[in-house]
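The values are calculated or read from the model by the stated rules, or taken from the named source; none is laboratory data. Just so you know, these numbers come straight off a predicted model, no measurement behind them. Cβ atoms come from the backbone with ideal geometry, glycine included; neighbour counts cover every protein chain shown.
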Amino acid sequence: MKISGILLLTSIVSFSSCEQWDHLEAKAERINRYENVSLHLSKENRNLKSEISRYRAEIQTLKSEKSYLKIQLEKYQDKSARSSSKGSSRKIASIAPVNAKKDLVKFDIYKWTPSQVQAMAQKEFESKNYEKSAQFFKTFSTRFPGHKSIDDQFLFQAGVASFESRKHPKWTIEHLDQLVKAYPTSKYYRGAKLWMALTYLQLGDDQKFFSTVEEFRKKYRNTEEWKILSPHYEKIVQKYKSN
């Protein structure tokens, strides 16, 4: 009887232990699933917060632009009213441009922070809106000289944006010359020299174009930059020979 009782007790304990173990395994599996779901939701939450911040910034920009346009319209309407009260018989063909100087930054109106100016410059550069990008880059370097963000990549993109805008060759030279002098070992060095040379060519400054291209001819003949510059170089050489 005693032996039977012990065996029965052992069986009950063993069965109970297996049940408990299965229960613990199931519980651990549920916890693991919950953790995975929690991590996934946390990641989605971070992404949503980032999107919300971006949209808020865009909304703020639109609000500022709307406010500015409202002020300009009120000024125009006030001016028009004064003109009418004086018995002016002239007809106004259309509303005057908001900004005749084509200032796309409007720094004094929006009071941009350094990070906002740089973000806009980068965004417009990536979208290939080179005129707007060039203006934001130039504004940053003018308003925040010596800022830590003005590195070789910043100067290179600022120079390229200015060149591609077809309106600011002096800005191109200014940015890229600063890069070449401050970062002689930069990965953007040869590219900066290339865009400077093309800018000199655009300006009709053959002498400076030649002095830059000569460096490529002697040092970097096996580069992609030389492949771009050499046809221009040969054309100018032929022009001078024919004269």
Review point. When only residues in region 209-225 that are within 28 Å of the chain's Cα centre (by Cα) and not polar (S, T, N, Q) count, which is surrounded by the most Cβ atoms within 10 Å (Cβ to Cβ)?
Key: 225
Point to revise | Filter result for residue 148 (modelled with pLDDT of 95 or more, in the same structural domain as residue 164 (by TED's automatic domain parsing) and part of a loop (DSSP other than H, G, I, E, B)) | key: yes
**Study point:** Checklist (1) surrounded by 12 or more Cβ atoms within 10 Å (Cβ to Cβ); (2) under 25 Å from residue 167 (Cβ atoms) applied to residue 186, failing item
**Key:** (2)
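Results for (1) over 22 Å from residue 181 (Cβ atoms); (2) touching a Leu at 6+ places or on another chain (Cβ under 9 Å); (3) touching a residue at least 12 places away in the same chain (Cβ under 8 Å), shown as yes or no for each residue.
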site	(1), (2), (3)
111	yes, no, no
133	yes, no, yes
148	no, no, no
159	no, yes, yes
165	yes, no, yes
Review point. Does region 102-116 contain at least one residue that is over 10 Å from the mean Cα position of the chain (by Cα), surrounded by 14 or more Cβ atoms within 10 Å (Cβ to Cβ), modelled with pLDDT under 95 and closer than 15 Å to residue 168 by Cα?
Key: yes
Review point. Could you count how many residues in region 192-208 are crowded, with 18+ Cβ neighbours inside 10 Å and not hydrophobic (A, V, I, L, M, F, W, C)?
Key: 3
**Study point:** Scope region 177-191; condition under 16 Å from residue 150 (Cβ atoms) and out of contact with any Phe, Trp or Tyr (no Cβ under 7 Å at 6 or more places or on another chain); matching residues
**Key:** 177, 178, 181, 182, 186
Study note, to complete from the structure: Per the filter on region 192-243, residues aromatic (Phe, Trp, Tyr), in a helix (DSSP H, G or I) and in contact with a Phe, Trp or Tyr (Cβ under 8 Å, 6 or more places away or on another chain) are 195, 200, 209, 210, 216, 226, 233
Exercise for review: Evaluate the following for residue 154: is it within 30 Å of residue 118 (Cβ to Cβ), assigned by TED's automatic domain parsing to the domain that holds residue 118, of a type in the set (Phe, Trp, Tyr) and assigned to a helix (DSSP H, G or I)?
Suggested key: yes
